[in-house]
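Where a number appears in this text, it was derived from the coordinates with a stated rule and is not lab data. All figures in this text were calculated on a predicted structure; none of them were measured in a lab. Cβ sites come from the backbone with ideal geometry, for glycine too, and all protein chains shown count toward neighbours.
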Amino acid sequence: MDAMQYEITLPADYDMQIIRTRVATGGAALDDLAGLGLKAYAIRERGVLGSPVNQYAPIYLWNDTGAMARFLGGGGGFQNIIRDFGRPVVRHWTGLAYHAGTSRAPSPTSASRRLTPIPVDPDQDATGLGLTTVIEQALEDLRRLARHEAVHTAALAIDPHHWQLVRFVLWNETIAAGETETERYEVLHMSAPGIGELPEGRAW
């Protein structure tokens with residue numbers, strides 16, 4: 001599994017109905033894209049859910065790295081974003097774990113993202129396993145969170161360049177109050193052609 005997200009930050013007075021209409025008319029284009037686990041069409045709206053910005057920030061979980069590469073550089077869909085908004089920075093993380101939540105309604109309505117920097121030196125006992133300890137705790141936290149009654153999907157991934165963990169959670173209701181220090185999104189649509197193929201549990 002590969003996780004991916006780009007963030008298109010829009011002017012403070014931008015009419016977010018434009019994005020809502022864009023998703024309503026074109027969101028189904030990836031509903032049967034081979035290699036895609038899921039895409040959550042996520043937005044942040046200034047003044048809503050504590051967001052300071054207007055933003056279009058879709059979340060992707062991929063089953064196939066080749067399909068992700070084609071989407072980005074092979075005319076597989078990303079060219080539409082470049083055409084309409086310019087080329088945004090695309091963040092990419094290697095999957096560590098994925099869990100189907102206990103509440104699998106047809107489509108989630110909210111999403112949250114938590115970014116956690118990994119300490120520069122978590123290896124307090126000089127065994128070389130400090131990083132493993134940090135990841136194991138994050139995996140256990142994810143597994144526990146996935147049992148929440150409102151969770152649709154939970155995923156954990158790592159950026160080994162900047163040494164950062166990302167946790168994406170899709171929610172069927174409002175985001176749980178305990179989800180602190182996260183970006184909160186409204187999900188307008190979800191394309192999930194390969195959600196059943198995303199590997200349950202940790203990646204190893």
message: Can you tally the net charge around TYR60? Count Lys and Arg as +1, Asp and Glu as -1, for every other residue whose Cβ sits under 12 Å from the Cβ of TYR60.
response: 0
- request: Could you give the C-alpha radius of gyration of segment 70-170 expressed as a fraction of 2.2 N^0.38 Å, taking N as the number of residues it contains?
  value: 1.32
query: For segment 53-62, in order, what is each residue's ³J(HN,Hα) by Karplus, 6.51 cos²θ - 1.76 cosθ + 1.60 with θ = phi - 60°, in whole Hz (x at glycine and Pro)?
result: 9, 8, 7, 9, 9, x, 10, 10, 10, 10
- prompt: Can you put HIS162, HIS99, HIS189, HIS152 in order, fewest other beta carbons within 10 Å first?
  reply: HIS162, HIS189, HIS99, HIS152
- prompt: Which of SER112, MET16, THR133 sits closest to the plus end of the dipole of the chain, meaning its Cα is farthest towards the positive end, when Lys and Arg get +1 and Asp and Glu get -1 on the C-beta?
  reply: MET16
- request: Mind telling me which of ALA69, ALA40, ALA154 comes out most flexible in a GNM of the chain, alpha-carbon contacts under 10 Å?
  value: ALA69
query: Based on the inverse mean of 1/r over its pairs of different Cα atoms, what is the Kirkwood hydrodynamic radius of segment 3-96, in Å?
result: 14.1 Å
- prompt: Among ARG147, ARG167, ARG83, whose mean-square fluctuation peaks in a Gaussian network model of the chain (Cα, cutoff 10 Å)?
  reply: ARG83
- request: Report relative contact order for the chain in percent, whole number only (criteria: Cα-Cα under 8 Å, sequence separation at least 6).
  value: 32 percent
query: When the helices in the chain are scored as -39500 (n - 2.57) per DSSP H run of 4 or longer and the sum is shared across all residues, what 222 nm value do you end up with, to the nearest 500 deg cm²/dmol?
result: -6500 deg cm²/dmol
Charge dipole (segment 39-187, unit charges on Cβ, about Cα centre) - positive-most of ALA177, GLY74, LEU145: GLY74
- prompt: Each residue of segment 191-201 in turn: what ³J(HN,Hα) in whole Hz from Karplus with 6.51, -1.76, 1.60 and θ = phi - 60°, glycine and Pro shown as x?
  reply: 9, 9, x, x, 5, x, 9, 5, x, 5, x
10 °C / 1.306 mPa s Stokes-Einstein diffusion coefficient of segment 2-197, Kirkwood radius on C-alpha pairs, µm²/s: 91 µm²/s
statement: Ratio for segment 130-204, C-alpha Rg to 2.2 N^0.38 Å, reads 1.18
task: Determine the gain in length on full extension of the stretch HIS161-THR127; use 0.36 nm per residue of separation and subtract their C-alpha separation, reporting nm with one decimal.
output: 10.1 nm
